[in-house]
Amino acid sequence: MKGFKEEIENNILPYWMEHMVDADYGGFYGRIDGQDRLDPMANKGVVMHARVLWTFSAAYRILGRNAYRQIAERAYLYLRDYFVDKMYGGVYWELDYQGRPVNRKKQTYAQGFALYAFSEYYRATGCTEALGYAKEQFYQIEKCKDNERGGYWEAFTEDWQPIADMRLSEKDQNEAKTMNTHLHILEPYTNLLRIWVDEDLVKAQTDLIFLFLDRIYSKSTGHLQLFFDEKWQVKGEAQSFGHDIEAAWLLLEAAEVLGDPELLQKVKAVVIHIGRAAVEGVLPDDSLAYERNNGHWDRERHWWVQAEAVVGFSYLGRLLDDWSYTEKAENIWSYIKSNLIDKERGEWYWSRLENGKVNDKEDKAGFWKCPYHNGRMCLEMIENFGIK
C-alpha cells in the first residue's frame, strides 16, 4: 500500500481549503452538493466543523505544514465562538449560514466530536484554552449518563432537559441509546486521555469499554448491536459493517491508551471476533457493504465505510500477524482509488450505488460528508503504520 500522503495532501485537504472556507461569514460553508455546486446559504453543522478542526489539527501535528494549522485555527475559533453555548454549556447542533443558531438541541454525539476536536487542537498546538474546552465537554458528557443502568442518553433540549426526538438523523431509530453515540464518546475520551490523565476520565473510559464488551457487542454474532431502549434491550436487527470495522480498531486503541493490561487482553479477543464478523460484508469487488438488516443487504459502497475498513483491517492484520487482513485493507484501498476518489473535481464521492454508478445525489462536502474518515485513514496509515 502507498499513496496516503499524496491523497491527503494533494486531494482531500486542498479541496476543503480551496472550496469550503467561508470568507464572508466565517468557518466553512455548509454544503457542496454531489455535482460540486456550492450552496453558500446552507446551514452549518457542528459535526462537520468539529471534524474539520480535528482533521486539520491532526494533519498539522503529523505533517507539519503551517497552512493546516491556519485552517485548524479558523475551525477552532468558529467552533468556540459560534457553536459553544455560553449559557447552558455544550455545543449547538446547527447554525444558519450567518452563524445564528437554528437548532439548539444538545446531541450527545455532537458533544463527543467537539471534545475530539478541542483535544486534538491542543495536541497539535499546545493551546491551553482548547484543553479547557475539551475538559468542559468531558464534564458535560458525563452529565448525560444513565446513572442507574449505565451508558449515555442520546439527546437533550438546549438546557439539557429530556427531549422527545433523540434521533441523530432521519435514517436512525428514535431510541434512548445507540452504539454510534457510544462509539463517538469512546473515541474522544481516548484522545483526551493522551493529554489529561484524570481519575474520573479513566473510570468513565473503563466503564465505556466494558459497556461495549457486555452490552453493545453481540457474543453470538460478533457484530455490534445498534439501537437500544433505556433498559438496554436491543431494538432491531441491523448490522453495520462499517461500524463493526471502525469499532474494532477504536476499541483496541482505547484499551491501549487506557493502559490496563488485563482489560486490553479482553478487548483484543473481542476485537478479533468483531473483525471476523465485519469480513462477512466484504463483497466480490473487494469493497465493504453498508449493512445487513433482517437478511436484507444494502450493498451501497459508502466512502466512510471503505476508509474505516482500510484502517480496521490493517490493525487486525498487525494484531494477528495475519496477512489476509492486511490484504483486505490493500484491496479496499485499491477499490477506493479506482471508484471513490473524484479525480476530476477532487475529494471523494459519497458512495457507489449497488449497480456501480456514482451517487451524486448526496453531498461532496456537508453536514455529514467531512474530511474526517478519509483524512483520518490517511493520517493513521502514515503515523501508525509508516506507510506514505
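The values are calculated or read from the model by the stated rules, or taken from the named source; none is laboratory data. Just so you know, these numbers come straight off a predicted model, no measurement behind them. Positions of Cβ are backbone-derived with ideal geometry, glycine not excepted, and every protein chain shown enters the neighbour counts. To get the accessible areas, we keep the full protein, side chains included, count just its heavy atoms, and leave off ligands, DNA and RNA. Shrake-Rupley method; radii C 1.70, N 1.55, O 1.52, S 1.80 Å.
At a Förster radius of 25 Å, what calculated FRET efficiency corresponds to the Cβ-Cβ distance of GLN98 and ALA164, to the nearest 0.05? The pair GLN98/ALA164 has a calculated efficiency of 0.30. Proximity of backbone amide H atoms, modeled 1.01 Å from N, is registered between GLU175 and no other residue at under 5 Å, excluding neighbours fewer than 5 places apart on the same chain. Each peptide among 89-96, 48-55, 318-325 gets the average number of other Cβ atoms lying within 10 Å of its residues, and from highest to lowest they stand as 48-55, 89-96, 318-325.
Viscosity 1.306 mPa s, temperature 10 °C: Stokes-Einstein D of region 78-123 from its Kirkwood Cα radius, in µm² per second? For these conditions, the coefficient is 146 µm²/s. When both region 80-112 and region 341-388 are represented by their alpha-carbon centers, they are found 26 Å apart. Between the amide H of GLN239 and those of ARG292, ASN293, ASN294, distances stay under 5 Å, these residues lying 5 or more places away or on another chain, with hydrogens modeled in the peptide plane. The HN-Hα couplings worked out from phi for region 73-82 by the Karplus form 6.51 cos²θ - 1.76 cosθ + 1.60 (θ = phi - 60°) are 5, 4, 5, 4, 5, 5, 4, 5, 7, 10 Hz, whole numbers, x standing for Gly and Pro.
Given 20 °C and 1.002 mPa s, compute D for region 1-144 with the Stokes-Einstein relation, Rh being the Kirkwood radius over Cα pairs; round to the nearest whole µm²/s.
Value of D from the Cα-based Kirkwood radius: 139 µm²/s.
Taking +1 at the Cβ of each Lys and Arg and -1 at the Cβ of each Asp and Glu, which of TYR29, PRO14, THR55 sits farthest along the dipole of region 9-77 towards its positive end, judged by Cα position relative to the Cα centre? Checked the options; the winner is THR55. Sequence-ordered 3J(HN,Hα) estimates for region 272-278 from the Karplus curve with 6.51, -1.76 and 1.60 and θ = phi - 60° stand at 4, 5, 4, x, 5, 5, 4 Hz, glycine and proline given as x. Does region 104-222 come out rounded, prolate or oblate by the C-alpha gyration tensor, with a ≥ b ≥ c the root eigenvalues, rounded set by a/c under 1.5 and, if not, prolate when a/b is larger than b/c and oblate if not? Taking the square roots of the gyration eigenvalues as a ≥ b ≥ c, region 104-222 is oblate. Charge dipole (Cα centre; +1 on Lys/Arg Cβ, -1 on Asp/Glu Cβ; no other charges) of region 145-279 amounts to roughly 560 debye.
Taking Cα centre as origin and charging only the Cβ of basic (Lys, Arg, +1) and acidic (Asp, Glu, -1) residues, the dipole magnitude of the chain rounds to 320 debye. Residue-wise HN-Hα couplings along region 309-325, as the Karplus relation 6.51 cos²θ - 1.76 cosθ + 1.60 with θ = phi - 60° gives them from phi, are 5, 4, 5, x, 5, 5, 5, 5, x, 6, 4, 9, 6, 10, 5, 4, 6 Hz; Gly and Pro carry x.
Of GLU354, GLU344, GLU175, the residue with the greatest mean-square motion in the GNM of the chain, using alpha carbon springs below 10 Å, is GLU344. GLU73 contributes about 90 Å² of solvent-accessible surface, heavy atoms of the protein only, 1.4 Å probe. In percent, rounded to a whole number, the relative contact order of region 52-164 is 25, using alpha-carbon pairs under 8 Å and six or more apart. Once you've got the GNM for the chain with C-alpha springs shorter than 10 Å, pick whichever of GLU199, GLU237, GLU327 has the biggest mean-square fluctuation. Maximum among the listed residues: GLU199. Across region 182-321, the mean sequence separation of Cα contacts (distance under 8 Å, 6 or more residues apart), normalised by length, yields a relative contact order of 24 percent.
Think of the chain as a dipole: +1 on every Lys or Arg Cβ, -1 on every Asp or Glu Cβ, centred on the Cα centre; then among TYR88, HIS243, ILE341, ILE341 lies furthest on the positive end.
Look at the alpha carbon pairs under 8 Å that are at least 6 residues apart: their mean separation over the length of the chain gives a relative contact order of 19 percent.
Considering only protein heavy atoms, what per residue accessible area in square angstrom results for region 46-176 with a 1.4 angstrom probe?
Values: 5220 Å² over 131 residues.
Averaged over the residues of region 46-176, the accessible area is 40 Å².
Each Lys or Arg adds one and each Asp or Glu subtracts one; over the other residues with Cβ under 11 Å from the Cβ of SER119, this totals +1. With N as its number of residues, region 177-251 has a Cα radius of gyration that, divided by 2.2 N^0.38 Å, comes to 1.12.
Please arrange ILE185, ILE272 by accessible surface area, largest first, computed with a 1.4 Å probe and ligands excluded.
I get ILE272, ILE185, largest accessible area first.
Residues considered: ASN43, ASN331, ASN355. Largest GNM mean-square fluctuation over the chain, using C-alpha springs under 10 Å, is found at ASN355.
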